[in-house]
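J.: Got a structure here, written out as structure tokens. Questions coming.
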């Protein structure tokens with residue numbers, strides 16, 4: 001894209017030779033209008049957000065300013081293309097193109113060029129008097145000494161096409177990354193997963209309380225290791241806290257290590273699943289089962305259940321130690337009086353897929369919205 005800009009001929013133009021700088025038909029005081037939630041007519045002010053639109057108002061239509069113009073915040077130099085007729089607040093000028101040279105698409109070329117031209121101006125209305133705006137020069141691609149509108153249109157079209165392609169590529173990459181991280185091939189629910197979700201939603205799944213020590217046969221407290229004594233290494237070292245899931249650094253000290261596929265629960269009741277070997281301080285307990293191979297999904301379910309069981313019960317004044325947690329009970333899916341680990345695994349797998357599906361749907365909607373804007377621009381440019 002840069003090569004195209006370098007190859008084209010450029011020329012300077014006074015803004016006043018290309019545009020009429022008009023005063024808004026009426027200034028509507030922001031303190032005296034009713035901002036509507038539903039769309040009526042845009043109310044454009046000097047904000048740099050939301051295309052300058054503060055909201056929508058229903059006022060006398062004779063004071064509407066023309067669409068297909070640029071709104072110019074006179075003391076902020078905030079500029080936006082306004083496709084539809086609009087009302088304005090204080091100190092908004094209406095920049096109307098001469099000779100019908102402005103379109104929704106090439107406006108996206110004019111705007112950054114104009115913004116750059118005013119970038120060195122001091123803030124304040126005196127810097128943006130009409131005469132100053134009119135005499136400010138902007139650089140544009142030219143053909144036969146006139147603004148090269150076709151080049152601008154095509155350049156913006158290519159940018160939009162690239163943006164769509166980038167979004168689609170990102171969507172594919174994100175989907176593959178999420179699926180890989182979750183160990184899934186796709187986000188289609190299996191029959192078993194649909195049934196598990198239905199049982200949970202309909203309240204048909206039985207839950208029962210189970211103590212921590214009835215689920216885990218290994219519950220250990222970490223060992224104290226002062227910061228000054230920590231030797232830099234590759235072993236994740238976990239302490240109490242939620243920042244970075246409690247990992248405060250990486251050590252090489254010969255302290256007791258805990259196995260991957262375990263859960264940490266600190267003195268404040270923060271629970272995290274660990275899929276890697278790690279060390280832990282004396283403010284953190286580790287929970288696992290060395291005779292039963294729980295799946296990652298089951299362990300994630302247990303992590304959430306443990307978190308819920310201790311939530312709000314521990315703090316600086318009342319700290320939780322692993323030895324005190326043995327008989328704490330958590331609610332788990334139950335079958336014949338025992339935890340139903342298979343159901344936990346199926347349910348968590350379903351939840352993971354639904355989360356991934358939502359992310360994919362969001363990305364798809366973003367791509368669709370971009371394509372819709374591009375198609376609308378294309379129709380208007382014809």
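The values are calculated or read from the model by the stated rules, or taken from the named source; none is laboratory data. This is a predicted model, so every value here is computed, not measured. Positions of Cβ are generated from backbone atoms using ideal geometry, with glycine treated the same way; all protein chains shown enter the neighbour counts.
J.: Just wondering, is there one or more residues in region 310-325 that are closer than 29 Å to residue 196 by Cβ, in a helix (DSSP H, G or I) and in the same structural domain as residue 211 (by TED's automatic domain parsing)?
T.: Yes; the residues of region 310-325 include at least one that is closer than 29 Å to residue 196 by Cβ, in a helix (DSSP H, G or I) and in the same structural domain as residue 211 (by TED's automatic domain parsing).
J.: Still on this structure, please answer the following. Tell me the residue from 104, 93 that is in a loop (DSSP other than H, G, I, E, B) and in contact with a helix residue (DSSP H, G or I) (Cβ under 8 Å, 6 or more places away or on another chain), please.
T.: 104
J.: Go through region 24-81 and tell me which strands (runs of 3 or more DSSP E), entirely inside it, have 1 or more residues that are over 20 Å from residue 130 (Cα atoms). Before the answer, list the steps.
T.: Details: elements: 41-44, 53-57, 69-73.
Where strands (runs of 3 or more DSSP E) fall fully within region 24-81 and carry at least 1 residues being over 20 Å from residue 130 (Cα atoms), they are 41-44, 53-57.
J.: Is it the case that residue 207 is surrounded by fewer than 16 Cβ atoms within 10 Å (Cβ to Cβ), within 17 Å of residue 332 (Cβ to Cβ) and touching a strand residue (DSSP E or B) at 6+ places or on another chain (Cβ under 6 Å)? Show your work before the answer.
T.: Details: surrounded by fewer than 16 Cβ atoms within 10 Å (Cβ to Cβ): yes; within 17 Å of residue 332 (Cβ to Cβ): yes; touching a strand residue (DSSP E or B) at 6+ places or on another chain (Cβ under 6 Å): yes.
Criteria met by residue 207.
J.: Restricting to region 189-202, name every residue that is part of a loop (DSSP other than H, G, I, E, B) and either closer than 14 Å to residue 348 by Cα or modelled with pLDDT under 90 (or both).
T.: 189, 190
J.: So, in region 84-100, how many residues would count as being exposed (fewer than 15 other Cβ atoms within 10 Å of the Cβ) and in contact with a strand residue (DSSP E or B) (Cβ under 8 Å, 6 or more places away or on another chain)?
T.: Within region 84-100, the first condition is being exposed (fewer than 15 other Cβ atoms within 10 Å of the Cβ), and the residues that meet it are 84, 98-100.
Now narrow it down to the ones that are in contact with a strand residue (DSSP E or B) (Cβ under 8 Å, 6 or more places away or on another chain): 84, 98.
Adding up the residues that qualify gives 2.
J.: Further, regarding this structure: Against the condition surrounded by fewer than 15 Cβ atoms within 10 Å (Cβ to Cβ), touching a residue at least 12 places away in the same chain (Cβ under 8 Å) and more than 28 Å from residue 41 (Cα to Cα), how does residue 135 come out, does it pass? Please lay out each step first, then the result.
T.: Working: surrounded by fewer than 15 Cβ atoms within 10 Å (Cβ to Cβ): yes; touching a residue at least 12 places away in the same chain (Cβ under 8 Å): yes; more than 28 Å from residue 41 (Cα to Cα): yes.
When the stated conditions are applied, residue 135 passes them.
J.: For region 62-83, check the following and say yes or no: at least one residue is surrounded by fewer than 14 Cβ atoms within 10 Å (Cβ to Cβ) and more than 27 Å from residue 159 (Cβ to Cβ).
T.: yes
J.: If residue 110 satisfies all but one of (1) out of contact with any helix residue (DSSP H, G or I) (no Cβ under 9 Å at 6 or more places or on another chain); (2) surrounded by 19 or more Cβ atoms within 10 Å (Cβ to Cβ), what's the number of the condition it fails?
T.: Residue 110 satisfies every listed condition except (1).
J.: Can you work out which of the residues in region 257-270 that are in contact with a strand residue (DSSP E or B) (Cβ under 9 Å, 6 or more places away or on another chain) and part of a loop (DSSP other than H, G, I, E, B) is surrounded by the most Cβ atoms within 10 Å (Cβ to Cβ)?
T.: Per the criteria, the residue is 267.
J.: With 278, 287, 273 as the choices, which residue is without any contact (Cβ under 8 Å) to a residue 60 or more places away in the chain and buried (at least 22 other Cβ atoms within 10 Å of the Cβ)?
T.: 278
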